[in-house]
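Asks: Next up is a structure, given as structure tokens.
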Amino acid sequence: MFQHRQLPRLILLVLGFAALAGGAGLLAFRYSLAVGMAELQATGRHRLDLYAASLEREIDKYAYFPTTLGLERDVLQLLSAPTPERGEQVSLYLEQLNERAGSLSIYILDRAGRVVATSNWRRADSFLGEELAFRPYFRQAMDGGSGRFFGIGTTRGEPGYYLSSALSDEHGTLGVAVVKVGLKQLEKSWGPVEAPALVADENGVVILASVPSWKFTTIKPLDEATRSAFDRTQQYNRQALHPLGVTELADLQHGARLVRMPAVEPKTVAMFPVAGTFVAQTQALAGTSWHLTVFSSQDQVRGDAISRAAIAGVGAAFLFILMLLLNQRRRHLSDRLAAQAALQRAHDELERKVAERTADLSAANRRLQREVAERTQAERTLRAAQDELVQAGKLAVIGQLAAGVAHELNQPLAALRTLSGNARKFLARGNHDTASGNLERIGDLVDRMGRMTAQLKSFARKSSGQPQAVPLRRALDNALFLLEQKLKQSGAGVSIDLPPQELLAWCDPNRLEQVLVNLAGNALDAMAGLPRPALEIGARSEHGRILLQVRDHGPGLSEEAGRRLFEPFFTTKEAGQGLGLGLAISAGIVADFGGNLSGANHPQGGAVFTLDLPAARDTEHD
Ligand code: ADP
């Protein structure tokens, strides 16, 4: 189905198609016709030359006949002194001559135009003795020495060509010799003609024609004077002399004309067309006043031109269609190329965008990596700082401890001295049992001191920071041991509430102890100077977590302390008493192990700090 906007294009195409085919056909027709016509004229001219030459040759053959008769003594004698015997003798001679020559008749006229001897003397219709002075050929010969005349015989009505020649002796003209050549004889010379041809005499009367019905027609109008002259000379023996009816259509080059020949009735059977449009070419016949005209049919040329025009039209149409198809194909190809190019462009654009995004991503990735590296570095620095602080914190505690430890060790050392001194005395007295009892106690005391120093050593050691399963009870014991001095000074009662099974937290033991020391230390600080200080420590395992609470019976957290509890350097303690770093570091340590530290006021007074740590797998059975 055509779209509306395609309709004008379709009409244009059809018009172009028609114009091209029509134009090509017309051109081919014109060209072919021109070439054909030129060829036709050349052929016509050739035929004209050929026919004229053979006709002239035929006429010339007879032309010398009458002249040679003037050389015959018998003939001259007959004319100068006519006798019946001489007449008969000459007639016999003429009869033989006529027979040999194939002419219609040969005869001799005396000066008065009377026939004195004739080749047809024996025949009933012989014109011997006839008066023929009225015939133009007689007058022409008498006046000019020779004559030529076409005419129809008065006696037998036979058309022929009369060739006459004056017969003279030394005294002057004696008479005229005439030979009449039949038209058939002349026509023979044309042989098998290939085209219609005719010979018209000076009056325009057709005397020879390859089409029988054309004979004795006229090719130019006759006026009345001419017609009456014909009657007088009986030239055409009262033939009707109808016009042939040639219509002149156009003058062509070199004297050729385009004519239309009428249809002949009844239809003449001929080897060539006799009616229709012809190229007529005319030429004068030498030695006569006749004109030979050859007609070459234009039908063949026209037919050829029409078929060539048709071929050219079809060819042009075919070419047009071919061009359309090629154009269509070209357009199709260029569309495809354009689509491909568009696709390529889209593809390139996509690739460009992907490359851009990749570049963005890798830039972002690099940035991220840099940030991570920076962060890691920062964390490392922080961790180092934290370690340092922890260490510093420990050293501070150790500093505090030193006095306590010295005091602690002094007691067993004094006991050791006493016990060892007593043991020596008992040994000297022979009281071995008591001595051995003393030595046993000495051993216990040394063990206790060893444990104390071992704990101090482990506390002073820098931790690896790697999480492991840490028994909560031991961590608590260690922490309280470190605070032993402080506990004694404060006089606080410590109650520990732990479930019977071992609680294992997943963290670093040193750091956990550090946190516990810190929480318990703060609690003792808060209760310093109060009448009944009491420290309550409880722990339980819950959903894979270890929850430990340190509660005191101090004044609790003030509003500001509650807000800024974990802020570094926040402290309410006097200078030299606290740095305000304990809870900040503790919270950091707890967070490192995936735990949480929070502080709040207990409903029954005092502060309670809750430590939430991941449990090691061993204790995940609750
Ligand atoms: P420092 O003990 O050196 O002051 P901390 O970070 O351990 O540093 O504690 C910060 C502050 O939090 C303390 O100065 C105190 O005001 C408050 N605080 C800590 N523990 C308690 C507690 N158990 N009861 C009351 N206040 C406390």
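Throughout, read-outs are computed from the coordinates displayed, never taken from laboratory work. Keep in mind that what you see is a predicted model, and the values were worked out from it rather than measured. Heads up, the Cβs are rebuilt from the backbone with ideal geometry, glycines too, and the neighbour counts pull from every protein chain shown.
Asks: Which whole-angstrom value gives the distance between the alpha carbon centres of segment 76-132 and segment 522-575?
Replies: When both Cα centres are located, 187 Å separates them.
Asks: Check which residues have an amide H placed less than 5 Å from L222's amide H, if you skip close sequence neighbours.
Replies: Correct list: empty.
Asks: Restricting attention to segment 126-211, which GluC sites (Glu not before Pro) occupy a DSSP loop and are surrounded by at most 13 other Cβ atoms within 10 Å?
Replies: Within segment 126-211, the qualifying GluC sites (Glu not before Pro) (loop, at most 13 other Cβ atoms within 10 Å) are E170, E202.
Asks: Find the eigenvalues of the gyration tensor of the Cα atoms of segment 510-622, then list the square roots of 5 times those eigenvalues as equivalent ellipsoid semi-axes, largest first, in whole angstrom.
Replies: Rounded to whole Å, the semi-axes are 25, 17, 12.
Asks: Could you work out the relative contact order of the chain? I mean the mean sequence separation of Cα pairs under 8 Å and 6+ apart, divided by the number of residues, in percent.
Replies: The normalised contact order for the chain reaches 9 percent.
Asks: Okay, helix-only estimate at 222 nm for the chain: each DSSP H run of n ≥ 4 adds -39500 (n - 2.57), divide by all residues, round to 500 deg cm²/dmol; what do you get?
Replies: One gets -18500 deg cm²/dmol as the mean residue ellipticity at 222 nm.
Asks: While we're looking at this one, here's another question. Add +1 for every Lys or Arg and -1 for every Asp or Glu among the other residues with Cβ under 15 Å from the Cβ of S362, and state the total.
Replies: +2
Asks: Note the full-extension length gain between L530 and R367 as 0.36 nm times their separation in residues minus their Cα-Cα distance, in nm to one decimal. Walk me through the numbers on the way to the answer.
Replies: Details: separation 163, 0.36 × 163 = 58.68 nm, distance 5.65 nm.
Here the answer is 53.0 nm.
Asks: To the nearest µm²/s, what D does Stokes-Einstein give for the chain at 10 °C and 1.306 mPa s, using the Kirkwood radius over alpha carbon pairs as Rh? Mind dumping the intermediate values first?
Replies: Details: Rh = 40.0 Å.
Using the Kirkwood radius from Cα pairs, D works out to 40 µm²/s.
Asks: In addition: On a 18 Å Cα-Cα criterion, which of the cross-link pairs K180/K220; K188/K220; K188/K215; K61/K184; K61/K180 come out too long? Write out the running numbers ahead of the final one.
Replies: Details: K180/K220 26 Å; K188/K220 26 Å; K188/K215 15 Å; K61/K184 15 Å; K61/K180 12 Å.
Long pairs (Cα-Cα over 18 Å): K180/K220; K188/K220.
Asks: Non-local amide H neighbours of G175 (under 5 Å, H modeled in plane, Pro and chain starts lacking H): which ones?
Replies: It is L167, by chain and number.
Asks: Okay, moving on. Summing Lys, Arg as +1 and Asp, Glu as -1, what charge do residues with Cβ under 11 Å from the Cβ of A338 carry, A338 excluded?
Replies: The answer is +2.
Asks: Report the full-extension gain for the segment E158 to K573: residue separation times 0.36 nm, less the Cα-Cα distance, to one decimal in nm.
Replies: Numbers: separation 415, 0.36 × 415 = 149.40 nm, distance 17.63 nm.
Stretched out fully, the E158 to K573 stretch lengthens by 131.8 nm.
Asks: Tell me, what ³J(HN,Hα) does each residue in segment 153-158 have, in order and in whole Hz, if you take phi through Karplus 6.51 cos²θ - 1.76 cosθ + 1.60 with θ = phi - 60° and put x for Gly and Pro?
Replies: x, 6, 7, 9, x, 9
Asks: Let me ask something else about it. Measure off 7 Å from each Cα along the Cα-to-Cβ vector at T226 and T418, then give the distance between these two points in nanometres to one decimal.
Replies: Placing both labels 7 Å beyond Cα along the Cβ direction yields 19.4 nm.
Asks: On to the next question. Below 13 Å, Cα to Cα, which aspartates and glutamates can K486 reach? Residues fewer than 8 away in the same chain don't count.
Replies: Qualifying aspartates and glutamates at Cα under 13 Å: E408, D525.
Asks: If you don't mind, there's one more thing I want to ask. What distance in nm lies between label points placed 7 Å from Cα along the C-beta direction at D592 and S436?
Replies: Roughly 5.1 nm, to one decimal.
Asks: Could you work out how far apart the two model spin labels at A338 and F134 are, taking each label as a point 7 Å from the Cα in the direction of the beta carbon, and quote it in nm?
Replies: 9.8
Asks: What relative contact order, as a whole-number percentage, does segment 30-144 give when Cα pairs under 8 Å and 6 or more residues apart are counted?
Replies: 15
Asks: Give me, ordered by chain and number, the residues 5 or more places off G556 or on other chains with an amide H under 5 Å from its own placed amide H.
Replies: Counting only residues 5 or more places away or on other chains, the set is G606, A607.
Asks: Provide the FRET efficiency to the nearest 0.05 for the N601-A384 pair, computing r from the beta carbons and using R0 = 41 Å.
Replies: Working: r = 35 Å, r/R0 = 0.86.
Computed FRET efficiency for N601 and A384: 0.70.
Asks: Compare the peptides 276-288, 423-435 by average per-residue count of other Cβ atoms within 10 angstrom and give them in order, highest first.
Replies: 276-288, 423-435
Asks: Please sort 346-358, 241-253 by packing, taking for each peptide the average over its residues of neighbouring beta carbons within 10 angstrom, highest first.
Replies: Answer by packing, highest mean first, reads 241-253, 346-358.
Asks: Want the number for A124 to E99: 0.36 nm per residue separation, take away the alpha-carbon distance, what's left? Kindly include the intermediate steps, with their values, before the conclusion.
Replies: Values: separation 25, 0.36 × 25 = 9.00 nm, distance 1.75 nm.
Full extension from A124 to E99 adds 7.2 nm.
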